[in-house]
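J.: There's a structure below that I have some questions on.
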Amino acid sequence: MLSELYSFAVLGFQHIVALDAFDHVLFLLVLAAIYRGRDWRQVLWVISAFTVGHSITLALAVTDVLVLPPGIVEFLIPLTIVATGIENIVQRERAAQGLFSRHRVVFAAAFGLVHGAGFAGYLRSLFLDSIAVPLVGFNLGIEAGQIVVLAATAVLFRVVDGGLSAALPSRDPFPLRLTAVSLGVSLVATGWAWQRFPQ
């Protein structure tokens, strides 16, 4: 049982950091872009809400309680990225002052529901008999992968902010970095949504 749990945890971790899961990585990147290191409590709430959302949908989808067409799910995932990027830009002045909207937690949970459905097809194809251990293990692996991605993102943002501060010493680097990341990621995700538009 422990070996099975570990095996599925490794699969979950690999799935979140793999190149073909780049849309999930970009979502985490744009989700975290609005925060600074001092905002770790807000990050924790938002990431926890996202985790709860995708865990619920993953459980429902792999048990066939909820069946969503894969094409629709793959189309909706980049839309969650675009929506988060737009919200970042709209909220950037408040975020620069350390003020955050409470609805962001709700958005993260709702978008987690979509991303959980994206993981489900892959996980369902691996089941043999019992689903409890694979489901728990896979979720643990995804969470570990998300932590690694977010840690790398925090380092990247720190470096970018430092570079912007050196280049523009009279300006706060945060709004510039937030806008650049949000726009760049949103443009990439818009292209994906266009390619994945249901026929």
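The values are calculated or read from the model by the stated rules, or taken from the named source; none is laboratory data. All figures in this text were calculated on a predicted structure; none of them were measured in a lab. Counting neighbours? That spans all protein chains shown, and the Cβs are built from the backbone with ideal geometry, glycine included. Only protein heavy atoms, including side chains, enter the accessible area calculation; ligands, DNA and RNA are left aside. Shrake-Rupley method; radii C 1.70, N 1.55, O 1.52, S 1.80 Å.
J.: Is it fair to say Ser182 is of a type in the set (Ser, Thr, Tyr) and buried (at least 16 other Cβ atoms within 10 Å of the Cβ)?
T.: In short, yes.
J.: Also, I was wondering about something else. Identify, from the list Ala193, Ala144, the residue that is open to solvent by 30 Å² or more (accessible area, probe 1.4 Å), part of a helix (DSSP H, G or I) and in contact with a helix residue (DSSP H, G or I) (Cβ under 9 Å, 6 or more places away or on another chain).
T.: Unique residue meeting the criteria: Ala144.
J.: Within the group Leu58, Leu135, which residue is open to solvent by 10 Å² or more (accessible area, probe 1.4 Å), farther than 25 Å from Leu178 by Cα and either at pLDDT below 90 or assigned to a loop (DSSP other than H, G, I, E, B) (or both)?
T.: Leu135
J.: Name the residue, out of Ile56, Ile89, Ile34, that is of a type in the set (Val, Ile, Thr) and more than 25 Å from Asp172 (Cβ to Cβ).
T.: Ile56
J.: For the structure I just gave you, tell me whether Ser165 is closer than 19 Å to Trp45 by Cα and surrounded by fewer than 20 Cβ atoms within 10 Å (Cβ to Cβ).
T.: Criteria not met by Ser165.
J.: Moving to a separate point now. Looking at (1) more than 16 Å from Val149 (Cα to Cα); (2) surrounded by 14 or more Cβ atoms within 10 Å (Cβ to Cβ); (3) touching a residue at least 40 places away in the same chain (Cβ under 8 Å), find the lone condition where His15 falls short.
T.: (1)
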